[in-house]
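Every number here is computed from the coordinates shown, using simple stated rules; none is lab data. Everything quoted here is computed from the prediction, not taken from an experiment. Reconstructed Cβ throughout: ideal geometry from the backbone, glycine too, with neighbour counts over all protein chains shown.
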Amino acid sequence: MALRLSSIIPVLAALAGGCSPSFEASLPDVEITQHGLVMAGAPGLPQPGGATVTSSFTISSSIAAWAKRMNSKVFVHQVTVTASGGLPNLDFIESALVTATAPSISESTTEIANYARSVGAQSSSSIEGTRPAPIDVTRLWSADQMVISLRATGQLPEQDWIVDVTLKFSGDITYDF
């Protein structure tokens, strides 16, 4: 009898190990907004083709901890830049590019949104950059820091100006206990 139980115990342990609980979730709409991003003014006479300025902010692991400790896929769907700090509109921006990079990862910068102002576009306090398909930023998201940069080109104000930048993400999360 003792021989029988001792030979069954490893089998029971293996079966119990194969029944570990897991958790899966899909997060369809997560937004992160950086308020008060200062864009440098472009003093001087208007330049043909306009001036270009770039400003950046960092999404740290403390903000993104919900996905960093899990097996996840993270995608950017849309980026919205909104006038802030008393700025009435963003009509002076002719084009904008938003990129993501992670200083700890030696891979090229990932373009997550692109905007080009249409001829005759209506005045607006915001601009939106979308892509035909969501951009996979999982590898960048899993780094300690992800740097988001906004490059704006146009007949920019001479004084510094302020915008809010909102990134719309989605994600699939799997966690095995």
(message) Need the full-extension length gain, Q47 to S124, defined as separation in residues times 0.36 nm minus the C-alpha distance. One decimal, nm.
(response) 25.4 nm
(request) Grab the other residues whose beta carbon is less than 12 angstrom from that of V30, score K and R as +1, D and E as -1, and report the net. (result) -2
(request) Using θ = phi - 60° and the Karplus relation 6.51 cos²θ - 1.76 cosθ + 1.60, list the HN-Hα couplings for region 100-112 in order, rounded to whole Hz, with x at every Gly or Pro. (result) 10, 8, 10, x, 7, 10, 8, 10, 5, 5, 9, 6, 10
(message) Given contacts defined as C-alpha pairs under 8 Å and at least six residues apart, what's the relative contact order of region 21-176, whole-number percent?
(response) 48
(request) Quote the charge dipole size of region 21-176 about the Cα centre in Debye, to the nearest 20; the model charges only the Cβ of Lys and Arg (+1) and of Asp and Glu (-1). (result) 120
(request) Using a cut-off of 11 Å between beta-carbons, work out the net charge of the residues near G85 (Lys and Arg +1, Asp and Glu -1, G85 not included). (result) -2
(request) Kindly rank 82-89, 119-126, 26-33, 158-165 from highest to lowest mean number of other beta carbons found within 10 Å of each residue. (result) 158-165, 82-89, 26-33, 119-126
